[in-house]
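A quick write-up on the structure given underneath.
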Amino acid sequence: MYGRISQTVVTLLGVGLASCVAAEEHRIAFAPQKDAWRIQADGRPLATYVFRDPVILRPYFKDLHTPEGIQVTRRHPPQKGADPVDHDTMHPGLWLAFGDLSGSDFWRNKARVEHAGFLTPPQAQGDWGTFTVRNRYVGTNGVLCEETCTCTFLVRPAGYLILWDSVFQSDGSAFYFGDQEEMGLGIRVATPLMVKPHESRYRPGRILDDQGRRNETAIWGQSAAWCDYSGWMNDKFVGITLMPDPGNATACRWHVRDYGFMTANLFGQSVFRQGPVRRTEVPPGQPYRLRFGILIHSSDREETLDLKTAYQDYLTSLNRLSP
């Protein structure tokens, strides 16, 4: 199944997605680094994927940039004095992690995710690029499950769109996702974008969901189709939108903080005071799939940022990749 998904991504991207992008030509490229791949678009940095780190025991993306080259995730490692330095080994940029996966804590680096190799090495053609990687989730008593993760990078009218597709499976025994805040796809935004400014020279950023709710007090623990964290940098209104696939097995609730943090959480229920404790069980041999869109965007004015249209564009791109 994993190989079929990867091949579907490559085939459909090559055949169909190019026709959806604006007429202007763009180019995605990959450059190898030690235990990492740097992703570029039109010769500018887009992000860096780190698949092995001796301190952060799970893969992650760092240094996410807008098409103008503005970095929208916090520097990694954070710069003391210029950035808040809290959670420096837990909030590297963009990541998928779980504080409770069958009782093991992969969020706080108390258990490790082993890089088991690339099933499809990084490859690019014009305005898209993709790779598929296999990861092993190793808890106290050994491997709990394996993940096959495909990440696809697209140049879209609203900015850079990352399609994230992870399939978890264990052929040995059942595993489960627990009910915690720290479960899912997380980001830590650049310091100037924080809702509560780190320095007086920064303008307050904002968190916004598809229901029009704003900031931590209104959004934390609520369900929403998408959630965006944005603010002003270099005279541009820039940010990141997380968009869970509406076809995921459960709806997403949002763990957001005004200090620059946001997580799309598909497993928390009791922790958000929305019902009894929930445990998401995955039987042996059965795949469990999570998909997300991550939009890195910029605009000259906040009011010209059309996230509703960008979300529909994500759904269109997602449907083209469905195997």
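Treat segment 92-207 as a sphere of radius equal to its Kirkwood radius over Cα pairs and apply Stokes-Einstein at 37 °C in a medium of 0.692 mPa s; give the translational diffusion coefficient in µm²/s, rounded to a whole number.
Details: Rh = 16.5 Å.
Rounded, D is 198 µm²/s.
Note down the magnitude of the dipole of the chain about its Cα centre, charges +1 on Lys and Arg C-beta and -1 on Asp and Glu C-beta and zero elsewhere, to the nearest 20 debye.
Its charge dipole is roughly 380 debye.
What is the percent of Cα-Cα separations in segment 36-88 that go past 14 Å?
Working: 794 of 1378 pairs.
Percentage above 14 Å: 58.
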Next on the checklist: Restricting everything to alpha-carbon atoms, can you work out Rg to Rh for segment 243-289 with a Kirkwood hydrodynamic radius?
Outcome noted: 1.02
Checklist outcome for this item: Averaged over all viewing directions, the convex hull of the alpha carbons in the chain casts a projected area in nm² of 15.4 nm²
Next on the checklist: If you average the C-alpha positions of segment 295-323 and of segment 104-146 separately, how far apart do those two centres end up, in angstrom?
Outcome noted: 26 Å
Item to check | segment 28-138, accessible area per residue, ligands and nucleic acids excluded (1.4 Å, Å²) | outcome: 39 Å²
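Could you look at the chain and say what percent of its accessible area is carbon and sulfur, using a 1.4 Å probe and all protein chains?
Numbers: 6250 of 13170 Å².
The value for the chain is 47 percent carbon and sulfur by accessible area.
Given a 1.4 angstrom probe, what's the average accessible area per residue across segment 157-301, in square angstrom? Numbers along the way, then the final one.
Working: 5320 Å² over 145 residues.
Spelled out: the 1.4 Å probe surface of segment 157-301, per residue, equals 37 Å².
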Checklist outcome for this item: Once all protein chains are kept in place, residue 226 shows an accessible area at probe 1.4 Å, nearest 10 Å², of 20 Å²
Item to check | Residue among 212, 178, 231 with the largest mean-square fluctuation in a Gaussian network model of the chain, springs linking Cα atoms under 10 Å | outcome: 212
Checklist outcome for this item: Taking the square root of 5λ for each eigenvalue of the C-alpha gyration tensor of segment 210-323, the equivalent ellipsoid has semi-axes, largest first and in whole angstrom, of 27, 20, 10
Checklist entry - Under a Cβ-Cβ cut-off of 11 Å, what is the net charge of the residues other than residue 145 that fall near it, where Lys and Arg count +1 and Asp and Glu count -1? => result -2
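In deg cm²/dmol, rounded to 500, what helix-only [θ] at 222 nm does the chain give when every DSSP H run of at least 4 residues adds -39500 (n - 2.57) and the total is split over its residues? Kindly include the intermediate steps, with their values, before the conclusion.
Details: 3 runs with 34 residues, N = 323.
Calculated at 222 nm, the ellipticity per residue is -3000 deg cm²/dmol.
The values are calculated or read from the model by the stated rules, or taken from the named source; none is laboratory data. From a predicted model like this one, the values you see are computed outputs, not experimental measurements. Note: ideal-geometry Cβ built from the backbone for every residue, glycine included; neighbour counts use all protein chains shown. All accessible areas refer to the heavy atoms of the entire protein, side chains included, with ligands and DNA or RNA removed. Shrake-Rupley method; radii C 1.70, N 1.55, O 1.52, S 1.80 Å.
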